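Okay, structure first, notes after.
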Ligand code: PLP
């Protein structure tokens, strides 16, 4: 290290990220990993990814792509083969007709959303999101210069946004509503009957666009039918971005491939952002995604059934714990349990559990289970468990959480 690098001032952060930290979920994951390195038997139920492996036929397609030399830059927002596969998927599963230039692919659904907000938000523009919301929603909006507007969705309403609350949150500065069904972190999903009144509100406000985050589409339980906004309200399709990806449905989180359907005017603006950031998503991942979207789909339903079984187990365990209650989520792979009954209690080491974050810290430090506080998602006091974990880990973790709760007085 030379003298100048030792004495250099720390990097000055730009205003646009001054209020944003690396996600709390990643921080908890890092803390858990550190404890594991110290030899602690930590169980992490914080991750937002399936514990299954990417299907073999998808891996093979990627290997074939490498061997065939598909290792160069591709068209900016997706190869013709991938765009055709996305188009087919929207038609087959959602009854949506998108032209080839009305679909786009990026390095994950996250990048697609980032593109959309960077492309459309001016300073102070507002984006409404149903709280609890996926943490990245608010942070992406902030980075793009917008203002996140969380609307509290109570447990009594199934954590679903209510039409009157949406109406009240809309201002002349509102540019977007974000909807996520099934939801991370609550697992709540909207039936057509529950979604329709929200879309009616949007119809009355033509300046508001809709971002429908359908990434957990295939993880919907008890036979509930998935419905997406543009399908239910075709009159809104011209101002709806329907976002999806292969991460959750096909156990492909590491491949970084997300996609969307939407109007050309929006997609061409999003292409500008992608062209000067990442350019195309990985050529290999695109070939893999074609195989995932057009290949056999049986695994998707097998995994869904496995997740439903785990949900039932975890919800039953949580509801048997003193001070905890948990609504049965309709989808995704998360439970969002209420821990209001634990707030104010004292742990054997003397610490007071004064928030959901304090409860989660106690669980990790005293019982080696990592879960995420509801406050990270804009709604407290709750904690989120990801049940995308092995049956053995879920059983052991639930036993530890039960012991942890019982030890509070
Ligand atoms: N949307 C929601 C609600 C998510 O929970 C996640 C990932 O956790 C994503 C989008 C991003 O998925 P991708 O891996 O495609 O970027």
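We did not get these values from a lab; they are worked out from the coordinates using the rules stated. The structure presented is a predicted model; accordingly, all values stated were derived computationally and were not measured. Reconstructed Cβ throughout: ideal geometry from the backbone, glycine too, with neighbour counts over all protein chains shown.
Points to keep in mind about this one:
- Here residue 407 and residue 53 are evaluated by their C-beta separation; at R0 = 30 Å the FRET efficiency comes out at 0.25.
- Relative contact order of segment 72-294, pairs being alpha-carbon contacts under 8 Å that are 6 or more residues apart, as %: 29
- Segments 365-375, 48-58, 174-184 sorted - mean Cβ within 10 Å per residue, highest first: 174-184, 365-375, 48-58
- Averaged over residues, the count of other Cβ atoms within 10 Å places the peptides 106-117, 30-41 in the sequence 106-117, 30-41, highest first.
- Percent antiparallel among DSSP beta bridges (both partners in segment 187-291, rounded to 5): 50
- Residue exposure proxy: 129, 321, ordered by other Cβ atoms within 10 angstrom of their Cβ from fewest to most, comes out as 321, 129.
- Over the chain, Cα pairs under 8 Å with separation of 6+ residues give a relative contact order of 22 percent.
- Counting DSSP beta bridges with both ends in segment 72-294, the antiparallel % (nearest 5): 30
- Gain upon complete extension [residue 275, residue 393; 0.36 nm per residue less C-alpha separation]: 38.2 nm
- Residue order for 208, 141, fewest other beta carbons within 10 angstrom first, comes to 208, 141.
- Förster radius 25 Å - calculated FRET efficiency between residue 20 and residue 355 (Cβ-Cβ, nearest 0.05): 0.75
- If the convex hull is drawn through the Cα atoms of segment 72-294, its volume per residue in Å³: 111
- Cα-projected label distance for residue 33 with residue 196, points at 7 Å along beta-carbon direction, nm: 4.8
- Highest to lowest packing among 153-161, 248-256, scored as the average C-beta count within 10 Å: 248-256, 153-161
- The angle between the Cα long axis of helix 109-120 and the longest principal axis of the Cα atoms of the chain comes to about 60 degrees, rounded to the nearest 10.
- Computed [θ] at 222 nm, helices only, for the chain once each DSSP H run of length n ≥ 4 contributes -39500 (n - 2.57): -12500 deg cm²/dmol
- Going from the residue with the fewest nearby Cβ atoms within 10 Å to the one with the most, 43, 66 rank 66, 43.
- For the pair segment 324-342 and segment 145-183, the centres of their Cα atoms are 20 angstrom apart.
- Of all DSSP beta bridges confined to the chain, the antiparallel ones make up roughly 50%.
- Calculated on C-alpha atoms, the gyration radius of the chain divided by its Kirkwood radius gives an Rg/Rh of 0.97.
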